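Participant: Here it is: the structure, laid out below.
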Amino acid sequence: MLRVSKLTDYATVVMTVLAESSDEVFSAQTLAERAHLELPTVSKLLKQLAQAELVESFRGVNGGYRLARAPERISLADILVAMEGPFGMTECSAHHGACGHEPHCGVRGNWRRVSEVIETTLKQMTLADMRRPPPKRAAIPMRLVATA
């Protein structure tokens with residue numbers, strides 16, 4: 001089963017809370033309450049998201065966090081890479097030379113194609129899209145197109 005980690009899922013939830021009022025600065029405590037998550041978890045997420053320059057942090061009495069750019073300019077791929085590192089369905093499709101079987105593998109190229117299709121879809125879906133209700137038919141057509 002293909003799935004993102006809980007932390008990546010939670011990061012997306014926190015980011016959608018921030019996207020509700022993208023110019024407003026929220027404390028970590030407020031974000032934790034609105035996202036219905038524990039404060040230590042939200043603090044950990046915010047640190048990673050700030051390192052990836054997806055959120056800005058402000059110190060002081062009125063400090064907190066806000067999105068670093070408009071929700072329409074933050075993709076799901078941005079969040080996934082910030083939380084999990086380079087995208088790839090398999091280790092070898094993300095990092096060349098990571099597998100001893102690679103020289104004998106006949107499927108690496110096709111896994112890379114699958115990774116590219118999924119990555120393209122994640123790049124096209126923005127944080128603004130995640131705030132909208134899903135369409136009644138949530139089918140997203142994905143076609144693998146042979147490349148020359």
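Participant: In whole Hz and in residue order, list the ³J(HN,Hα) couplings for the range 14-27 that follow from phi through the Karplus curve 6.51 cos²θ - 1.76 cosθ + 1.60, θ = phi - 60°; x for Gly and Pro.
Facilitator: Values per residue, Gly and Pro as x: 4, 5, 5, 5, 4, 5, 4, 9, 5, 8, 7, 9, 10, 6 Hz.
Participant: Of the candidates Val42, Val107, Val25, which one comes out as most mobile in a Gaussian network treatment of the chain with C-alpha springs shorter than 10 Å?
Facilitator: Looking only at Val42, Val107, Val25, the largest GNM fluctuation is found for Val107.
Participant: Sum up the charges of everything whose Cβ sits under 13 Å from the Cβ of Val17, counting Lys and Arg as +1 and Asp and Glu as -1, but leave Val17 out.
Facilitator: Neighbour charge sum, excluding Val17 itself: 0.
Participant: Using θ = phi - 60° and the Karplus relation 6.51 cos²θ - 1.76 cosθ + 1.60, list the HN-Hα couplings for the range 47-57 in order, rounded to whole Hz, with x at every Gly or Pro.
Facilitator: Going residue by residue, I get 4, 5, 5, 5, 4, 7, 6, 8, 10, 10, 10 Hz, with x marking Gly and Pro.
Participant: Counting only other residues whose beta carbon sits under 14 Å from that of Leu39, what net charge do I get with K and R as +1, D and E as -1?
Facilitator: On the way: positive: Arg34, Lys44, Lys47; negative: Glu33, Glu38.
Net local charge, Leu39 excluded: +1.
Participant: Expected output is a single nm value to one decimal: the length gained when fully extending between Ser43 and Asp23, i.e. 0.36 nm times separation in residues minus the C-alpha distance. What is it?
Facilitator: Roughly 5.2 nm would be gained on extension.
Participant: Follow-up question, since we're still on this one. Would you list which aspartates and glutamates come within 14 Å of Lys47, measuring only between C-alpha atoms, while excluding same-chain residues fewer than 8 positions from it?
Facilitator: Partners within reach: Glu56, Glu84.
Participant: So with the 1.4 Å probe, I'd like the accessible area per residue for the chain, rounded to whole Å².
Facilitator: 66 Å²
Participant: Considering amide H positions built from the backbone, and no H for Pro or chain starts, which residues 5 or more places from Val55, or on another chain, come under 5 Å of its amide H?
Facilitator: The answer is Ala50, Ala68.
Participant: Between Thr121, Thr12, Thr90, where does the largest GNM mean-square fluctuation fall for the chain, given springs only between Cα atoms within less than 10 Å?
Facilitator: Highest fluctuation among the options: Thr90.
Participant: For the chain, with all protein chains present and a 1.4 Å probe, just round the carbon and sulfur fraction of the accessible area to a whole percent.
Facilitator: Carbon plus sulfur share of accessible area: 52 percent.
Participant: Let me ask something additional. Below 16 Å, Cα to Cα, which lysines can Lys44 reach? Residues fewer than 8 away in the same chain don't count.
Facilitator: Excluding near neighbours in sequence, the set is Lys6.
The values are calculated or read from the model by the stated rules, or taken from the named source; none is laboratory data. Keep in mind it's a predicted model, so treat the numbers as computed, not measured. Positions of Cβ are generated from backbone atoms using ideal geometry, with glycine treated the same way; all protein chains shown enter the neighbour counts. With ligands, DNA and RNA removed, areas are computed over all heavy atoms of the protein, side chains included. Shrake-Rupley method; radii C 1.70, N 1.55, O 1.52, S 1.80 Å.
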